[in-house]
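Worksheet for the structure shown next.
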Amino acid sequence: MIADGEALAKVTPTPTPEEVVPTTPPVPQPLPQGPSVQVRVDGVQLASTSSDGIFGAAPAPVDPAVAGQWVTAASDRLRDFVNAMWVNTDTMLSDAAVATLLDPASLPPEARQGLGVLDRPDVLGVTDVAAATTVQVQMDTTRLGTVTLFWSTSATLVLTGVTGPVTQTGVASFVERGAGPELVALEADTTYGGDLQVVLS
């Protein structure tokens with residue numbers, strides 16, 4: 001009941017506080033696959049394995065055309081490995097990349113890590129990949145003894161929240177046993193620089 005002459009008091013509704021919806025940071029997305037890498041051949045050393053010198057004759061020279069074919073075949077094997085390990089998103093940093101050279105199950109964990117295997121869920125990708133090699137070919141005229149690659153690969157590894165340089169150096173030796181260059185020796189070391197040293201140590 002309102003008495004005569006009394007003013008009606010306006011009832012001001014109490015504002016309902018707006019519900020604050022917490023914002024979630026965007027989920028980091030994997031990097032797109034980069035372009036394929038060609039392995040630059042910085043030098044080739046030819047050596048004869050001929051035994052002619054034992055008998056007083058001049059060693060037969062190594063055929064440079066045949067040697068060039070072996071350099072190409074071996075460096076192509078290295079190129080396939082480099083692209084599988086550092087470029088192709090389906091095989092990057094995995095045993096599948098190692099399998100381009102040999103069965104990863106035949107290697108201890110430290111050897112696989114030396115080849116670049118990195119089993120981490122926070123890997124977003126690899127950029128700026130470059131690779132170079134020098135090659136030593138040992139032949140008896142046109143018959144291959146060994147072709148050995150001394151290679152170096154550089155790249156930038158991107159993890160969630162941290163980015164840094166990666167360098168891999170390695171040596172791979174191949175022989176011919178009737179079906180192209182067959183790997184007979186392999187050694188590699190992968191090192192991480194910048195902030196990656198702390199994260200991956």
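The values are calculated or read from the model by the stated rules, or taken from the named source; none is laboratory data. None of the values given here were measured: they were computed from a predicted structure. Please note: Cβ atoms are built from the backbone with ideal geometry, for glycine as well, and neighbour counts cover all protein chains shown. Just the protein is used for accessible areas: all its heavy atoms, side chains included, with ligands, DNA and RNA removed. Shrake-Rupley method; radii C 1.70, N 1.55, O 1.52, S 1.80 Å.
Restricting GLN113, GLN69 to those that are free of Cβ contacts under 8 Å to residues at least 12 places away in the same chain and of a type in the set (S, T, N, Q) reduces the list to GLN69.
If the condition is being surrounded by fewer than 16 Cβ atoms within 10 Å (Cβ to Cβ) and closer than 25 Å to LEU186 by Cα, then the range 116-126 contributes ASP119, ARG120. Where residues in the range 75-99 are in a loop (DSSP other than H, G, I, E, B) and surrounded by fewer than 16 Cβ atoms within 10 Å (Cβ to Cβ), which of them is nearest to the chain's Cα centre (by Cα)? My answer is THR89. Within the range 139-154, restricting attention to residues that are of a type in the set (A, V, I, L, M) and open to solvent by less than 10 Å² (accessible area, probe 1.4 Å), the residue that is nearest to PHE81 (Cα to Cα) is LEU149.
Within the option set LEU200, LEU118, being within 16 Å of the chain's Cα centre (by Cα) and modelled with pLDDT under 95 holds for one residue only, LEU200.
Conditions tested, residue by residue: (1) open to solvent by less than 10 Å² (accessible area, probe 1.4 Å); (2) at negative phi; (3) in contact with a helix residue (DSSP H, G or I) (Cβ under 9 Å, 6 or more places away or on another chain); (4) basic (Lys, Arg).
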{"position": "LEU102", "(1), (2), (3), (4)": "no, yes, no, no"}
{"position": "GLY114", "(1), (2), (3), (4)": "yes, yes, no, no"}
{"position": "THR133", "(1), (2), (3), (4)": "yes, yes, yes, no"}
{"position": "VAL137", "(1), (2), (3), (4)": "yes, yes, yes, no"}
{"position": "VAL162", "(1), (2), (3), (4)": "no, yes, yes, no"}
{"position": "PRO181", "(1), (2), (3), (4)": "no, yes, yes, no"}
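The residues in the range 183-197 that are surrounded by 17 or more Cβ atoms within 10 Å (Cβ to Cβ) and either closer than 12 Å to LEU115 by Cα or more than 18 Å from the chain's Cα centre (by Cα) (or both) can be counted, and the count is 3. Restricting the first member to the range 170-192 and to residues that are closer than 13 Å to TRP70 by Cα and in the same structural domain as PRO109 (by the TED database), and the second to residues that are open to solvent by 30 Å² or more (accessible area, probe 1.4 Å) and of a type in the set (Phe, Trp, Tyr), no beta-carbon pair is closer than 8 Å while six or more apart or on different chains.
Looking only at residues of the range 18-70 that are part of a loop (DSSP other than H, G, I, E, B) and hydroxyl-bearing (Ser, Thr, Tyr), we find that the one that is least open to solvent (accessible area, probe 1.4 Å) is SER50.
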